[in-house]
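Any read-out appearing in this document is the output of simple, stated calculations on the displayed coordinates, not a laboratory observation. Since we're looking at a predicted model, the values are computed, not measured. Reconstructed Cβ throughout: ideal geometry from the backbone, glycine too, with neighbour counts over all protein chains shown.
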């Protein structure tokens, strides 16, 4: 395998998402408008309730994480959705690229968009609510990488569902993040969840990345090393999902699903 060739193929999908985003004014709303609206609504609610600084940090961290996650995972889902909406999926599948080039290329651009959204939200939190969400660089990088890996998990799952179930799975691009929000303790600790659901929450990597970040604001995590636990779960999930995606891609070719998505 030519490493340089694979790198170019991957970056090709990064560039494609960039061009589509640049030409579509409304995709800027995903990076700028909706994240700011989410931060303002949650922050103003916290100010109205006169929350202590650490509790305000708790809910604002949740709001920021949710926005960055949604922005980043959409780019991974878009790598198939753009082709499905333009009825050109088969042309991508007959080109000399792999599903891994598509996913990783889109994820790189999604991570960039997520990083821009995070910086805007962190600076807004400092200016609007006098709350510093920028911790030391190393731990901040670990936290952001954890969010981006979680975004890849959601986006890859969406792509697999699209190839398996077709158009009916489009809604997953927007609903899976909401499910994660409920399970991972975006706005509340997962200890509040009933037994059974709580165990499911602890099996999701994002739960541990949130606990890792919140530990710098006087909240005790459920494990001794939540970041390590989150990364281990992330790589396990991604391994399973990529195997599933390979099977789904081959199945879509055999059953003609790719042709159904094309003119």
Please order 129, 209, 219, 148 by the number of other Cβ within 10 Å, starting at the fewest. 219, 129, 148, 209
Quote the FRET efficiency, to the nearest 0.05, computed for residue 187 versus residue 240 with a Förster distance R0 of 35 Å and r equal to the Cβ-Cβ distance. 0.80
What nm value, rounded to one decimal, do you get for the distance between residue 4 and residue 228 when each label is placed 7 Å out toward the C-beta? 4.0 nm
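Using the number of other C-beta atoms within 10 angstrom as an exposure proxy, rank 58, 93 with the fewest first.
Listing 58, 93 from fewest to most nearby Cβ atoms yields 93, 58.
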Provide 16, 23 in ascending order of the number of other Cβ atoms located within 10 Å of each residue's Cβ, fewest first. 23, 16
Of 243, 133, 121, the most mobile residue in a GNM of the chain (C-alpha springs, cutoff 10 Å) is 243
What does the convex hull of the alpha-carbon atoms of the stretch 3-260 project to on average, in nm²? 14.5 nm²
So if each residue of separation counts as 0.36 nm, and I subtract the Cα-Cα distance between residue 218 and residue 100, what length gain in nm does that give? 38.5 nm
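For residue 22 and residue 247 in the same chain, what is the full-extension length gain: residue separation times 0.36 nm, less their Cα-Cα distance, in nm? Display every interim value, and only then the final one.
Numbers: separation 225, 0.36 × 225 = 81.00 nm, distance 3.28 nm.
Stretched fully, the residue 22-residue 247 segment lengthens by 77.7 nm.
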Nearest 10 degrees, 0 to 90: what angle lies between the long axis of helix 205-214 and the longest principal axis of the chain (Cα atoms)? 30 degrees
For the stretch 3-49, what does the alpha-carbon gyration tensor say about shape, rounded, prolate or oblate, given a ≥ b ≥ c as the root eigenvalues, a/c under 1.5 as rounded, and a/b over b/c as prolate? oblate
Take the chain, connect every pair of alpha-carbon atoms lying under 10 Å apart with a spring to form a Gaussian network, then pick out the residue of 202, 187, 91 with the largest mean-square fluctuation. 91
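Please report the relative contact order for the chain, taking Cα pairs under 8 Å with a sequence separation of at least 6, and give it as a percent rounded to a whole number.
Details: 318 pairs, mean separation 66.1, N = 263.
Normalised by residue count, the contact order of the chain is 25 percent.
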Under the rule of -39500 (n - 2.57) per DSSP H run of 4 or more residues, summed and divided by the residues of the chain, what mean residue ellipticity at 222 nm is obtained, to the nearest 500 deg cm²/dmol? -25500 deg cm²/dmol
